[in-house]
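A.B. asks: Quick one: structure below, then a few questions.
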Amino acid sequence: MEIKVNDIVLTTDFTRADVDYSIKRHTEIFAEEFGFTEAFNEMVKKIISDFPAEYNAEKDFMLVARTADVRFAGTITLLGEENGVGRLRYFFVEPFTRGKGVGKLIFTTAMSLAKDMGYTHLWFTTYNKLVAARTMYRQLGFEVTKEIPAEDEAGVGGIEEFWEKDI
């Protein structure tokens, strides 16, 4: 599947290079900008690295966004669960795309794809330090349903938040 919106191309046809780049940039951005720890980096590396081996096209996807000049712009994954529930994971956008609607485009496209696949409820976790993303999640109708301390992953003051929405 490929969708083009303005100068962004979204595709679910991911490669191993997309997976590796997603790991690299996800860990770099979260460490540099938000002070996330090596424990977080190891968790991201493990889970995203395992995604291709566990991937089932009938229930999962990795959505990759690139600019018209083929620069990686961001990604999100969906892992299908049972009873119409999908879990969104590892969403991020490259800093050069921020403020241009690319993050919202990636996220809303993922929601739409999930709905088309038959999901009726989405959930994900994020951290209190990701203020701009959390604002977008609220605007899209997601609500925080649980919070737990997460200083091991997110550093001092880090709280992991569980967000959910029926779609």
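The values are calculated or read from the model by the stated rules, or taken from the named source; none is laboratory data. Treat the numbers as computed from the prediction; the structure is a model and nothing was measured. Cβ atoms come from the backbone with ideal geometry, glycine included; neighbour counts cover every protein chain shown. Protein only, heavy atoms only, side chains kept; ligands, DNA and RNA dropped before computing areas. Shrake-Rupley method; radii C 1.70, N 1.55, O 1.52, S 1.80 Å.
A.B. asks: Please work out which one of (1) of a type in the set (Ser, Thr, Tyr); (2) without any contact (Cβ under 8 Å) to a residue 12 or more places away in the chain; (3) buried (at least 16 other Cβ atoms within 10 Å of the Cβ) is the condition Thr15 fails and give its number.
C.D. replies: Going through the list (1) of a type in the set (Ser, Thr, Tyr); (2) without any contact (Cβ under 8 Å) to a residue 12 or more places away in the chain; (3) buried (at least 16 other Cβ atoms within 10 Å of the Cβ), Thr15 breaks only (3).
A.B. asks: Which of the following residues is within 20 Å of Asp116 (Cα to Cα) and free of Cβ contacts under 8 Å to residues at least 12 places away in the same chain: Glu42, Glu2, Glu28?
C.D. replies: Glu2
A.B. asks: Moving on to the next point. Give me a count of the residues in region 18-36 that are open to solvent by 80 Å² or more (accessible area, probe 1.4 Å) and under 12 Å from Arg66 (Cβ atoms).
C.D. replies: 0
A.B. asks: If I go through region 115-139 residue by residue, how many of them are more than 25 Å from Thr27 (Cα to Cα) and touching a strand residue (DSSP E or B) at 6+ places or on another chain (Cβ under 8 Å)?
C.D. replies: The number of residues fulfilling the criteria is 4.
A.B. asks: Let me ask something else about it. For region 73-96: of the residues being over 19 Å from Glu161 (Cβ atoms) and in contact with a Ser or Thr (Cβ under 8 Å, 6 or more places away or on another chain), which is surrounded by the fewest Cβ atoms within 10 Å (Cβ to Cβ)?
C.D. replies: Taking the candidates together, the pick is Gly84.
A.B. asks: A further question on this structure: Assess whether Glu153 counts as being among the acidic types (Asp, Glu), under 25 Å from Tyr55 (Cβ atoms) and either open to solvent by less than 10 Å² (accessible area, probe 1.4 Å) or part of a helix (DSSP H, G or I) (or both).
C.D. replies: Yes: the conditions hold for Glu153.
A.B. asks: Residues being over 19 Å from Gly103 (Cβ atoms), open to solvent by 40 Å² or more (accessible area, probe 1.4 Å) and under 18 Å from the mean Cα position of the chain (by Cα): count how many of those fall in region 51-72.
C.D. replies: 6
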